[in-house]
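Step one of this worksheet: look at the structure below.
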Amino acid sequence: MESLKRLPGIGEKSATRLAYFLLSAPHDLTFELSEAIARLQRDTVVCDSCFTLSDRTPCPVCAHPGRDTTLICVVEEPADMAAIERSGSFKGLYHVLGGALSPIDGMGPDSLRVSELEKRAQVDGVKEVILATNPTAEGDATAHYLADRLERSNQERGSNIEVTRIASGMPLGGDLEYADHVTVSRAIRHRRALAD
């Protein structure tokens, strides 16, 4: 129970419930779980191309011949990449920064994979870099910083790579009455035609 409580989101009651479940679970299940946990750090590598976590490098997304290599979607963490992949709405490549700018937490530009992104964007054929950082103060600051850096790089190289930011606003099924003012403001600013 003490070990389980050290996991994020697991309190005293959840740890107790999990421990009792594992005590009465079939041996095959507990063995499979312990093997999966052991393999997690042993077999996980960072992709040499996009910097996501995978069991091989290049990762399955970077190695897939059907991906659109003209598009790079920039995310903060591997979990953000996984969320976009689950949506099935993006068929390009990714770039995982490894966090967002946060001076309070000691995360400056040198803590992120910014220079690697600039190098990837300079490859012939890249037409668009999509900034998909989280809609937080840190994510917005990171997106603005990256947009400035990529724009300067565009000017220095005489290239014309488009830099875009993902839209944000009201979630499906959301109620305007209960939404915060920033979400409502973004929804109004980023409105689009119904035909989209």
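We did not get these values from a lab; they are worked out from the coordinates using the rules stated. These numbers were taken from a predicted model, which means no experiment stands behind them. Positions of Cβ are generated from backbone atoms using ideal geometry, with glycine treated the same way; all protein chains shown enter the neighbour counts.
Miscellaneous remarks
- Geometric descriptor of region 2-43, per residue, is 69 Å³ (volume of the convex hull of the Cα atoms).
- Based on C-alpha pairs under 8 angstrom that are at least 6 apart in sequence, region 39-158 has a relative contact order of 23 percent.
- Once both labels are positioned 7 Å from their Cα atoms along Cα-to-Cβ, the gap between Asp43 and Glu162 label points is 4.1 nm.
- Restricting the calculation to alpha carbons of region 142-196 gives Rg and Dmax of 15.8, 48 angstrom.
- Counting 0.36 nm for each residue step from Ser14 to Leu33 and taking away their Cα separation leaves a gain of 5.1 nm.
- Interatomic Cα distance distribution for the chain, bins of 5 angstrom, percent: 1, 6, 11, 14, 15, 14, 13, 10, 8, 5, 2, 1, 0, 0
- Cubic angstrom per residue, convex hull over Cα atoms of region 64-108: 79 Å³
- DSSP-defined antiparallel bridges as percent of all bridges, the chain, nearest 5: 20 percent
- For region 76-191, diffusion coefficient by Stokes-Einstein and Kirkwood Rh (Cα), 4 °C, 1.567 mPa s, µm²/s: 83 µm²/s
- Å³ per residue enclosed by the Cα convex hull of region 1-95: 136 Å³
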